[in-house]
Amino acid sequence: MKPVFGTIRPVVVYPSSGTGAWEAALVNTLSPGDRVLAFETGHFATLWRDLAGNLGLDVNFVPGDWRHGVDPVVLAESLAADPSVKAVCVVHNETSTGVTSRIAEIRRAIDETGHPALLLVDAVSSLGSVDYRHDEWGVDVTVSCSQKGLLLPPGLGFNAVSEKALRAAESARLPRSYWDWRPILEANERGYFPYTPPTNLLYGLRESLAVLDEEGLANVFARHRRHGEATRAAVRAWGLEVLSLDEREHSPVLTAVLVPAEHDADKIRALILDRFNMSLGTGLGRLAGRVFRIGHLGHFNDLSLAGTLAGVQMGLALAGLSVDRGGIDAALSVLETT
C-alpha cells in the first residue's frame, strides 16, 4: 500500500469502513477538548465534523458553498488567528460535490504560518485514482478505504501515518482500543493482526494492487483526468452546469451536475434507472434534488464512459430537458484527441 499513498511510512489496515478510519485518525492523535479546524466543502466534510464533535473535540467548522475546495488563504488566516488548533481536517476529494482540494497548497499555507497543527486528510474517493503524495505533501494522517479506487467491496479502512502523528499518539488521551495504531503496527511487523483480519479482502487487495501496478499509477491518474475532462465537456455541451466552479479543483473521479431549478434531479435519476438500468449518484445533504453525479472512477474505460454519457443524454431528453445532443460528440472529441 505504501506506493499508492506515496509514503515510506507505516500504513495501518483496519477491518472497517472509511468512517472507522476517520475515527482512528482522530483518537490516535488528539485529546478531549482539543481544537480542530475543518472546512465545509461538502456532505462528507460535514459528517467528519460531526464525528469529531461526538468524540468531544472542539471543531471550528469554516463555512463553505459546496462548490469550492479548501481555500489555502482562509486556512492560513484561521490558523494565524487561533494558535490553539491541534489538527486541520481536510477532505481531498468531496464525493458529494466533485470538488478536489489542493493539498500541496494547503500544506504550504500551514508551513508559512509556522503553525504546528497536524494535517489529517480524507482520501477515501481519491486514493488510487488521483495523484496523491502523503510524504511529499507533509500529510500526517491520510484516511482511505477499499471501495473506491482500490476496486474492492467496502470493508477495509486505512491510515497512512507520519512520524509526527506517531509522536502525537504517545500523548493523545482520547479513548481508543480497537482503533489503537500501536497493537496493529506491532503485530504487522511479525506479519499478523492483533485480532481477526479481513482475510478475503486482503487477498482482494493484493490483486487490486497488482492491477494498479500493471497499468501504472501515472497512467491510472491520467485516465481519470481524461474521463473527467470528457464528462465535463459533455455536461457543458448539454447546456448544464458543473457544480465545481474552480478549474483547478475539478474531480477526476466524478462530476456533479446541476439541473435547472424547475427539474428534480432525483426524478431524472429514477427515469434513467428505470429505462436504462443505470444508477447515477444522488445529491447529498443540501444538494438533494439539485444535482446528479456521474462516476468515472476505478475500473472504467472510454467505452464505459461513452455508454454512461449516452444514457444520461437520452434520460435528460426523456425527462423534458432541452439539451444539445452534441454532448456525446463533445466527450468523444476529448477522448479521441487526448
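Which residue out of T46, T113 is under 23 Å from D135 (Cβ atoms) and either within 16 Å of the chain's Cα centre (by Cα) or modelled with pLDDT of 95 or more (or both)?
None of the others qualify; the one that does is T113.
So if I check each of G20, G53, G42, which one is closer than 20 Å to T97 by Cα and either touching a strand residue (DSSP E or B) at 6+ places or on another chain (Cβ under 6 Å) or not assigned by TED's automatic domain parsing to the domain that holds V90 (or both)?
Exactly one of G20, G53, G42 is closer than 20 Å to T97 by Cα and either touching a strand residue (DSSP E or B) at 6+ places or on another chain (Cβ under 6 Å) or not assigned by TED's automatic domain parsing to the domain that holds V90 (or both), namely G42.
Report yes if A234 is over 18 Å from the mean Cα position of the chain (by Cα) and either surrounded by 16 or more Cβ atoms within 10 Å (Cβ to Cβ) or assigned to a helix (DSSP H, G or I) (or both), otherwise no.
When the stated conditions are applied, A234 passes them.
In this structure, is G327 farther than 12 Å from W238 by Cβ and either modelled with pLDDT of 95 or more or not assigned by TED's automatic domain parsing to the domain that holds V253 (or both)?
No, not satisfied.
From (1) out of contact with any helix residue (DSSP H, G or I) (no Cβ under 9 Å at 6 or more places or on another chain); (2) touching a residue at least 40 places away in the same chain (Cβ under 8 Å); (3) closer than 22 Å to F300 by Cα; (4) surrounded by fewer than 20 Cβ atoms within 10 Å (Cβ to Cβ), pick out the condition that doesn't hold for E249.
Going through the list (1) out of contact with any helix residue (DSSP H, G or I) (no Cβ under 9 Å at 6 or more places or on another chain); (2) touching a residue at least 40 places away in the same chain (Cβ under 8 Å); (3) closer than 22 Å to F300 by Cα; (4) surrounded by fewer than 20 Cβ atoms within 10 Å (Cβ to Cβ), E249 breaks only (4).
Here is a check on your reading of the model: is L273 surrounded by fewer than 19 Cβ atoms within 10 Å (Cβ to Cβ) and either in a helix (DSSP H, G or I) or of a type in the set (G, A, S) (or both)?
yes
Out of all the residues in segment 153-179, which are under 23 Å from the mean Cα position of the chain (by Cα) and assigned to a loop (DSSP other than H, G, I, E, B)?
P153, P154, S162, W179
Got a number for residues in segment 281-325 being among the small types (G, A, S) and not in a helix (DSSP H, G or I)?
So the answer is 9.
The values are calculated or read from the model by the stated rules, or taken from the named source; none is laboratory data. If you're wondering where the values come from, they're calculated on a predicted model, not measured in any experiment. Methodologically, a virtual Cβ is constructed for each residue, glycine included, from the backbone with ideal geometry; neighbour enumeration extends over all protein chains shown.
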